[in-house]
1. For region 80-93, does any single residue satisfy the condition of being open to solvent by less than 90 Å² (accessible area, probe 1.4 Å) and not in a helix (DSSP H, G or I)?
2. Pairs under 6 Å by beta carbon, first residue touching a residue at least 40 places away in the same chain (Cβ under 8 Å) in region 43-67, partner open to solvent by less than 70 Å² (accessible area, probe 1.4 Å) and assigned to a loop (DSSP other than H, G, I, E, B), six or more apart or different chains?
3. Go through region 77-107 and report how many residues are at pLDDT 85 or above, under 28 Å from E33 (Cβ atoms) and of a type in the set (D, E).
4. From (1) in a helix (DSSP H, G or I); (2) modelled with pLDDT of 90 or more; (3) out of contact with any Phe, Trp or Tyr (no Cβ under 9 Å at 6 or more places or on another chain), pick out the condition that doesn't hold for L41.
5. Return yes or no: is K57 closer than 20 Å to D18 by Cβ and open to solvent by 60 Å² or more (accessible area, probe 1.4 Å)?
6. When the residues of region 1-37 are filtered to those that are in contact (Cβ under 8 Å) with a residue 24 or more places away in the chain, among the β-branched types (V, I, T) and out of contact with any Phe, Trp or Tyr (no Cβ under 6 Å at 6 or more places or on another chain), which remaining residue is nearest to K69 (Cα to Cα)?
7. Please determine, by comparing only the residues of region 1-38 that are among the basic types (K, R) and not in a loop (DSSP other than H, G, I, E, B), which one is most open to solvent (accessible area, probe 1.4 Å).
Amino acid sequence: MIRPDYKSGKSLHEQIEDEMKRLIISGAMRPDEQLPSVRELSVSMTVNPNTVQRAYKQLEQDGFIYSIKGKGNFVSTLSKTESVKRSEELRETISEAVRELAFLGEDKDAVKELIDQIYREKEENK
């Protein structure tokens, strides 16, 4: 269940997007698995249905979910082309972040350890 954090600097729809992406990326939600309906999620989170709808719309635009009229929203399976495109976008994001960390004087070994830690967590969650 997604819990809104009203102290967060992120809007509620961004919090929903981030949590859904996390669930999809971690494998907790599988391709073609149905997401909760807009109404179900809005009631469980006690947020406006428009907030959930906005998050779902952005997730669909980003390729994480797809919708079937009258049936609901489902987790997408990224095509090879979409996967390569998304990988390139993320590599650029990582590159910018690492450049900024280097500029700020962050230790190279600390950055490498962070990456190693993320991959260890991924292996543990399989």
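The values are calculated or read from the model by the stated rules, or taken from the named source; none is laboratory data. A quick note: this is a predicted structure, and the numbers were derived from the prediction, not measured. Positions of Cβ are backbone-derived with ideal geometry, glycine not excepted, and every protein chain shown enters the neighbour counts. The area values use the complete protein model at the heavy-atom level, side chains included, leaving out ligands, DNA and RNA. Shrake-Rupley method; radii C 1.70, N 1.55, O 1.52, S 1.80 Å.
1. No, region 80-93 contains no residue that is open to solvent by less than 90 Å² (accessible area, probe 1.4 Å) and not in a helix (DSSP H, G or I).
2. M45/I2; M45/P4; F64/S76; I65/S76
3. 2
4. (3)
5. Numbers: closer than 20 Å to D18 by Cβ: yes; open to solvent by 60 Å² or more (accessible area, probe 1.4 Å): yes.
Yes: the conditions hold for K57.
6. I16
7. Step one: list which residues in region 1-38 are among the basic types (K, R), which gives 3, 7, 10, 21-22, 30.
When the remaining residues are screened for being not in a loop (DSSP other than H, G, I, E, B), the result is 21-22.
Numbers: K21: 42, R22: 125 Å².
Among them, the one singled out is R22.
Quick grid of which residues meet (1) among the aromatic types (F, W, Y); (2) under 17 Å from the mean Cα position of the chain (by Cα); (3) farther than 30 Å from E40 by Cβ:
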site: R54; (1), (2), (3): no, yes, no
site: K57; (1), (2), (3): no, yes, no
site: E60; (1), (2), (3): no, yes, no
site: G63; (1), (2), (3): no, yes, no
site: K69; (1), (2), (3): no, no, no
site: T77; (1), (2), (3): no, yes, no
site: I94; (1), (2), (3): no, yes, yes
site: R99; (1), (2), (3): no, no, yes
site: I115; (1), (2), (3): no, no, yes
